[in-house]
Amino acid sequence: MQFSRNSNRRLRCSPLAEIYPFPVQFYEQPPTENISLQDFESFAVERLKLLKSIETIGVSYIRASEPYNKKLEIELRKLKFPYRVSSEEKLDDYEIRRKDHISHFILRLAYCQSEELRRWFIQQELDFFRFRFNELLDKQQEFLKHNKLEYQTIASRSLPVIQSDERLQPLLNHLSHAYVGQDYSVQKNVGKISLEQIDSLAAKSYPPCMRQLHKALRDNHHLRHGGRMQYGLFLKGIGLTLEQALQFWKSEFIKGKVDPDKFDKLYSYNIRHSFGKEGKRVDYTPFSCMKIIMSNPPSQGDYHGCPFRHSDPELLKQKLQSYKTPSAGISQILDLVKGMHYQLACQKYFELTHNIDEVGFSLSHPNQYFIESQKFLSGSRDVKKESSQPENSQRSQGSQPTRSTSTCASKPTSQAVSADMEGLEELLSEGYTE
Ligand code: SF4
């Protein structure tokens, strides 16, 4: 595959109809055409959203069942991926097959970098293939004959070549951790939350990752760097102003071993920095679930991270009990955690603690959790109340353990992704205090 910075020109030796005779393919050959970096990124993000949807649907419905097929079909239509032979095929049909082809290879490069990522990618691609192969109906034999059922294993051998491309390597490295949801660095509620409300908001509307950080801060009057970053940016995202943030952290730290002068000297710079008031003045983005789950795991004495990913199952169970999670639901959550569906486990926690049947959103960000909870508690969001037979009880019996490694939400925000990464790297490079 060749990539150009500006060109959208395609070099093909044969028409699209010949290259893509079916809406499903074995991806035997990588694409050889030139594509723009914009296409590269948008194709990757769209496929990432699709694979995340495939994972979510695969955990909620029995594969190949009618509701499973219907939900998947809706997603494929929405994201414009091919899945069915039509009687009169148009240029558009071939264009989306081309997108399918190219996006598969981009994500293959991004997800070949570790065994864990490979397993997740293969699982979702397998489910995608299975659905589309079944949709071929009487064309199945033709498809098999066309492909001779011979294919070679390709894992990561293209990587060394790609790694030498300085434009693509950072993008590929971050893609498997990338957040493609709403940008929560734009705060709509700035100044609308008072510091007195925080304890009550933590109990009602914080996701477990932030609740655990808040409790540790109140108990110990201190958080280490990873915790301050994760919690501080979350607080900024829910609407704390810089002045409130400084007051909040200072009032807590001086109850412990830090005197006011030491706080001003050692900690306030980092807080101002995270609000874009120091250093390169990057307005840091609150961390997404993906970033919390996949990077900087907590060590002894740390409270950051995702409790569904980083807590021992017995400890997680105790935490859930202490948060008054209904006991019937705790085992469902632990099952999801066992299958490495951390974000789905968190969605289940949301359902149980808000007494609703279905969250109605795909969780990808702690600030999203907070906003949805506040909407629900203020009555501004319609939700299905808990019924006697929750829909998620149809969870696939045959589902394989997979990692919930990607995210999905309303619109791709590549700027948010890059600001997030750049910002973090800049802050870490400027040093910090424990
Ligand atoms: Fe926080 Fe996301 Fe983990 Fe939920 S899944 S606890 S929001 S990091």
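Test Ala216 against the stated conditions and say whether it is over 20 Å from Ser288 (Cα atoms), without any contact (Cβ under 8 Å) to a residue 60 or more places away in the chain and within 16 Å of the ligand (Cβ to nearest atom).
no
Is at least one residue of region 296-318 in contact with a Ser or Thr (Cβ under 7 Å, 6 or more places away or on another chain) and farther than 20 Å from Ala245 by Cβ?
no
Name the residues in region 334-365 that are part of a helix (DSSP H, G or I), touching an Asp or Glu at 6+ places or on another chain (Cβ under 8 Å) and more than 17 Å from Cys289 (Cβ to Cβ), would you?
None; the set is empty.
Could you identify the single residue in Lys338, Lys324, Lys291, Lys319 that is near the ligand (Cβ under 10 Å from one of its atoms), in contact (Cβ under 8 Å) with a residue 24 or more places away in the chain and of a type in the set (Lys, Arg)?
Going through Lys338, Lys324, Lys291, Lys319 in turn, the sole match is Lys291.
Between a residue in region 362-379 that is within 11 Å of the ligand (Cβ to nearest atom) and at pLDDT below 90 and any residue that is acidic (Asp, Glu) and not in a loop (DSSP other than H, G, I, E, B), which pairs come within a Cβ distance under 9 Å, given they are 6 or more apart or on different chains?
Pairs that qualify, where the first residue is within 11 Å of the ligand (Cβ to nearest atom) and at pLDDT below 90 and the partner is acidic (Asp, Glu) and not in a loop (DSSP other than H, G, I, E, B), are Leu363/Glu372.
Taking region 269-288, which residues are in contact with a Gly (Cβ under 8 Å, 6 or more places away or on another chain) and either within 9 Å of the ligand (Cβ to nearest atom) or closer than 26 Å to Gln332 by Cβ (or both)?
Once the filter is applied, which keeps residues that are in contact with a Gly (Cβ under 8 Å, 6 or more places away or on another chain) and either within 9 Å of the ligand (Cβ to nearest atom) or closer than 26 Å to Gln332 by Cβ (or both), region 269-288 yields only Ser288.
Going through region 345-361 one residue at a time, which ones are closer than 24 Å to Leu48 by Cα and touching a Ser or Thr at 6+ places or on another chain (Cβ under 6 Å)?
Listed by number, the list is empty, since nothing qualifies.
The rows are residues; the columns are (1) surrounded by fewer than 11 Cβ atoms within 10 Å (Cβ to Cβ); (2) at pLDDT 70 or above; (3) part of a loop (DSSP other than H, G, I, E, B).
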site: Ala155; (1), (2), (3): yes, yes, yes
site: Asp165; (1), (2), (3): no, yes, yes
site: Pro170; (1), (2), (3): no, yes, no
site: His177; (1), (2), (3): no, no, yes
site: Tyr184; (1), (2), (3): no, yes, yes
site: Glu196; (1), (2), (3): yes, yes, no
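With respect to Lys70, determine if the residue is closer than 27 Å to Lys139 by Cβ and either at pLDDT below 85 or under 21 Å from the mean Cα position of the chain (by Cα) (or both).
no
If I ask for residues that are at pLDDT 90 or above and of a type in the set (S, T, N, Q), which ones from region 89-121 would you list?
Ser103
Return the pairs, sorted by first residue and then second, in which the second residue is of a type in the set (D, E, K, R) and part of a loop (DSSP other than H, G, I, E, B), the first residue lies in region 47-66 and is without any contact (Cβ under 8 Å) to a residue 24 or more places away in the chain, the beta carbons are less than 9 Å apart, and the residues are 6+ apart or on different chains.
Ile57/Arg63
Being near the ligand (Cβ under 10 Å from one of its atoms) and closer than 25 Å to Val258 by Cα is the filter here, so list the residues in region 294-316 that pass it.
His304, Gly305, listed by residue number.
Per-residue answers, yes or no, for (1) of a type in the set (A, V, I, L, M); (2) in contact with a helix residue (DSSP H, G or I) (Cβ under 6 Å, 6 or more places away or on another chain); (3) buried (at least 19 other Cβ atoms within 10 Å of the Cβ):
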site	(1), (2), (3)
Gln29	no, no, no
Gly58	no, yes, yes
Tyr61	no, yes, yes
Ala64	yes, no, no
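What's the total number of residues in region 198-217 that are surrounded by 21 or more Cβ atoms within 10 Å (Cβ to Cβ) and among the small types (Gly, Ala, Ser)?
Adding up the residues that qualify gives 1.
State whether the residues of region 49-56 include one that is small (Gly, Ala, Ser) and assigned to a helix (DSSP H, G or I).
Yes: region 49-56 contains one or more residues that are small (Gly, Ala, Ser) and assigned to a helix (DSSP H, G or I).
The values are calculated or read from the model by the stated rules, or taken from the named source; none is laboratory data. None of these values were measured; they are calculated from a predicted model. Cβ coordinates were reconstructed from backbone atoms using ideal geometry, including for glycine residues, and neighbour counts include every protein chain displayed.
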